[in-house]
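Every number here is computed from the coordinates shown, using simple stated rules; none is lab data. This one's a predicted model, so the numbers in the text were calculated from it and none came from an experiment. Ideal geometry is used to build each Cβ from the backbone, glycine not excepted, and the neighbour counts take in all protein chains shown.
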Amino acid sequence: MAEFDVVTPSVKVADGTLPTATGKALSVVALRKTYGDVVAVDEASMEIAAGEFVTFLGASGSGKTTTLMMIAGFCEPDSGTITVGGRDMTRLAPQKRGLGFVFQQYLLFPHMTVSENVAFPLTLRGVPKDEIRRRVGETLEIAGLSGFGGRKPRELSGGQQQRVALCRALVYRPPVILMDEPLGALDKKLRDQLQVEIKAIQQELGLTVIYVTHDQEEALVLSDRIAVMRNGLIEQFDTPRELFERPRTPFVADFLGAANFLSGHVEKHTDEHTLVRLDETGGLLKARRHELATGTQIKAAVQPGRLRAGAPGDGFCTGTVETATYVGTLVRAGVRVGSGDVLLRLEVPAGRGPVAGERVGVTADPEDVNLFADERER
Ligand code: ADP
Ligand code: MG
């Protein structure tokens, strides 16, 4: 990863101009990388528009870093292509791609001042001194670091050092900035604050960013679109809202919202709805219309925040509130239904929350019920 820091001044780099705001910034086609038997990335494809903030989200080992490193040029794909601003970069050396990087480790030069660190990519490119001074000043100001230019990295907090690393990536306006868990080493409060700042800078400057995290909240806060990754595969690449409201796989439903799952089969369709007979409770669950054949064995997913507790007999099943935990603005309730082996998780606004021991009917808006043909885990 340190390759960025050993680029020699003689190397010719991409010109660093921004692509047009409407154009395609980057496309990746069928990118694949294996390590022996391990398929780290399996035919990943995506198109990212200029000005988009895209996040790779997935558990550890799902292939996020490998995908990013192939885009950066630090890792050679087995097959597939990477195009940036219309140029094929698949086999180009990292320093010739002209992309910006921010890693979890700040990788600042300890012997250089903040200004010198930020100036470094411009110095490499032979930009005139006055121009460097101007652009470094501007960039430090954007990141709230004016006045810190003369300090050494060790005289800064972790959050400030990460801002300097961000400035160094921003200063030459690369067409795409890549960030791998850049806030991973910081505490929660600072992380939240920097998330907001990164998003603000990205929007203000119209930057194209590809960001890696395993933190779903971080991904939701920052991203225009999220690629949910699992075992080297992109499960779904969509807006946060689509991922949450219309997950395409049970995995995505669970990963983004910790959905409740119920099994059953499609009993019939009406014009607008699909009616599901539930296995565990025998109840009838109404979902928005899905194109699934009658009789299909399915899994239904509903987010805890989309279930409501009503009077016994209401909704698709009745059960007993086992736990009701007050967590500030809402109450988390566990409702035991059916013959006792299903525990539904509900999140309801505090004040209207059910209490332990109460019998309740559980309801869901058909719009909030997602059905998946049950193929038994892929
Ligand atoms: P993530 O960033 O999502 O945690 P990675 O892209 O680092 O995942 O890793 C994806 C898979 O590839 C993992 O199974 C990991 O062990 C494997 N892997 C990554 N880099 C190497 C490597 N240099 N050598 C062998 N296996 C690797
Ligand atoms: Mg990683």
Residues with amide H under 5 Å from that of Glu235, placed H, sequence gap 5 or more: Val228, Met229, Arg230
The chain: most fluctuating residue of Gly184, Gly36, Gly264 per GNM, C-alpha cutoff 10 Å: Gly36
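Between Ser60 and Arg32, what is the FRET efficiency for a Förster distance of 25 Å, r being their Cβ-Cβ separation, to the nearest 0.05?
Values: r = 20 Å, r/R0 = 0.81.
So, using R0 = 25 Å, E works out to roughly 0.80.
After finding the eigenvalues of the alpha carbon gyration tensor for region 259-377, what semi-axes result from the square roots of 5 times each, listed largest first in whole Å? Mind dumping the intermediate values first?
Values: eigenvalues 130, 38, 31 Å².
With the √(5λ) rule applied to region 259-377, the semi-axes are 26, 14, 12 Å.
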Cα-based reach from Lys286 at 18 Å (exclusive), listing aspartates and glutamates while leaving out same-chain residues under 8 positions away: Glu245, Glu267, Asp271, Glu272, Asp314, Asp365, Glu367, Asp368, Asp374
Proximal charge balance of Thr270 [Cβ under 10 Å; K/R count +1, D/E count -1]: +1
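Starting from region 206-304, pick out the GluC sites (Glu not before Pro) whose DSSP state is loop and whose Cβ has at most 13 other Cβ atoms within 10 Å.
Numbers: sites: Glu217, Glu218, Glu235, Glu242, Glu245, Glu267, Glu272, Glu280, Glu291; in loops: Glu272, Glu280, Glu291.
In loop regions of region 206-304 (DSSP not H, G, I, E or B), the sparsely surrounded GluC sites (Glu not before Pro) are Glu272, Glu291.
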Max mean-square fluctuation residue, GNM over the chain, Cα-Cα springs under 10 Å, options Lys188, Lys286, Lys24: Lys188
Two-site label geometry, Gln297 and Val221: point separation in nm, points 7 Å out along Cα→Cβ: 4.2
Reachable aspartates and glutamates from Lys33, criterion Cα separation under 19 angstrom, eight or more residues apart if same chain: Asp42, Glu43, Glu47, Glu76, Asp78, Asp88, Asp180, Glu235
Label-point separation in nm, Asp368 to Asp192, each point 7 Å along Cα→Cβ: 2.4
Estimated distance in nm for a label pair at Tyr326 and Glu47, the labels positioned 7 Å out from Cα along Cα-to-Cβ: 5.3
For Gly100, residues with placed amide H under 5 Å, excluding near neighbours: Val176, Ile177, Leu178
Full-extension gain in nm, Cys75 to Ala350, via 0.36 nm per residue minus C-alpha separation: 94.0 nm
Calculated on alpha-carbon atoms, Rg and Dmax of the chain in Å: 24.9, 76
